[in-house]
Amino acid sequence: MPLHALRTPMPSPPTKGTWRTILVSGVALWVATVVVTFLTGNTNLLPTIVLLGSFLVPVTFVVWAYEHHHGGNVTVETLFSAFVVGGILGVLGASVLESYLLHPSPLVYLGVGAIEEFVKLLALLFVARDLTHRRRRDGIVLGATVGLGFAAFESAGYALNSLVTAQGLDLVALVQTEILRSLLVPVGHGLWTAILGGVLFAASSAGPTWRFTPGVVGTFAGVAVLHALWDSVHGIAIALTLMFTGLPWGDLMLQIGRLPAPTQAQANLVNLLEFVGLLVVGAIGLLWLWIVTMTGPGRREANSATAPPGTAPRPGHGHATGPARPAPTGQPGAPAAPDHPTGSERRGAPETPEEPDD
């Protein structure tokens, strides 16, 4: 073995359970920082609360995805680039496009979903530009990482906006915003971009160029609609509440452009409908990601990667096998020579290749 090979450290596989350590220690540090800030009133700790609360859950899920769906082609450096560079590029691109392209309309949330999923797709293509061998699982991990990076930087902005009010700094609003967004992160940006990344990588696994097949385009449209529904849940909940519990005087106020003050029962119904709506949209996204993960030859790739060299393929897994022939007398277990060549042997036909993912 050459000496330089001895000096080069071999990459170690991801350690199982690292995500749990990050989550537990990060939550403990965040809680300690919040408590100390409340007790001392030290505003120098506010950036720590904002950054730690915004990045803890996204980073934890990136590590979890890397541990459970590591395909060998995605390195830690690629993950870091996808999270930071992809997240920042996504936030910047979305801010510019939404400022110039969107205007108040009933379909504004559909425009938001299409723009943000588009810029995250561009960020994913940028960070994965040097990957020559693409697999479905790598697309899921990198897509989730880009989406979670986008969510982390976006959450930091929302947290800062909730902190700064006309009456001064509101630490309670900051804590509430970070808790709520942290709970919703797993079924938001990371989930949608993971779905799109898995389908895109599966469609582009056969060659060096990206292939935007009808399946990829349809997946993009689907995740954009999911995104729009997620953003529209609160408005839909208000509209349904007014439909179910509205009074004539409330309709008159809406007609003159004034929002009627909701009753306590209406406020409770809005919160319930919003929770149910987010639950339904999140469940649809999780089911879709499960389907993307479990379908296609990506599972065959994983099985072939773990099988020992020289292992005979099982029947029905891409290799033609004939019926078993009895062994010659006196040689138990020895395979019998065929009486005549098979059709593929006569023709010298090569083995049938697997179909592409999409």
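Since every read-out is calculated from the coordinates, none of them should be taken as a lab result. Being a predicted model, the structure only gives us computed values, none of them experimental. For neighbour counting, all protein chains shown are included, and Cβ atoms are generated from backbone atoms with ideal geometry for every residue, glycine included.
About its Cα centre, the range 14-302 has a charge dipole of approximately 780 debye under the convention of +1 per Lys or Arg Cβ and -1 per Asp or Glu Cβ, with nothing else charged. The range 134-204 and the range 64-109 have Cα centres separated by 8 Å.
The trypsin sites (Lys or Arg not before Pro) of the range 56-164 that meet both conditions, a loop assignment by DSSP and at most 10 other Cβ atoms within 10 Å of the site Cβ, are Arg129. The HN-Hα couplings worked out from phi for the range 141-149 by the Karplus form 6.51 cos²θ - 1.76 cosθ + 1.60 (θ = phi - 60°) are 5, 5, x, 4, 5, 4, x, 5, x Hz, whole numbers, x standing for Gly and Pro. Each of Thr295, Trp230, Val36 was placed along the dipole of the range 14-302 (beta-carbon charges, centred on the mean Cα), and the one lying farthest toward the positive end is Thr295. Summary of packing: across the peptides 277-287, 141-151, 46-56, the per-residue average of other C-beta atoms within 10 Å ranks them, highest first, as 141-151, 46-56, 277-287.
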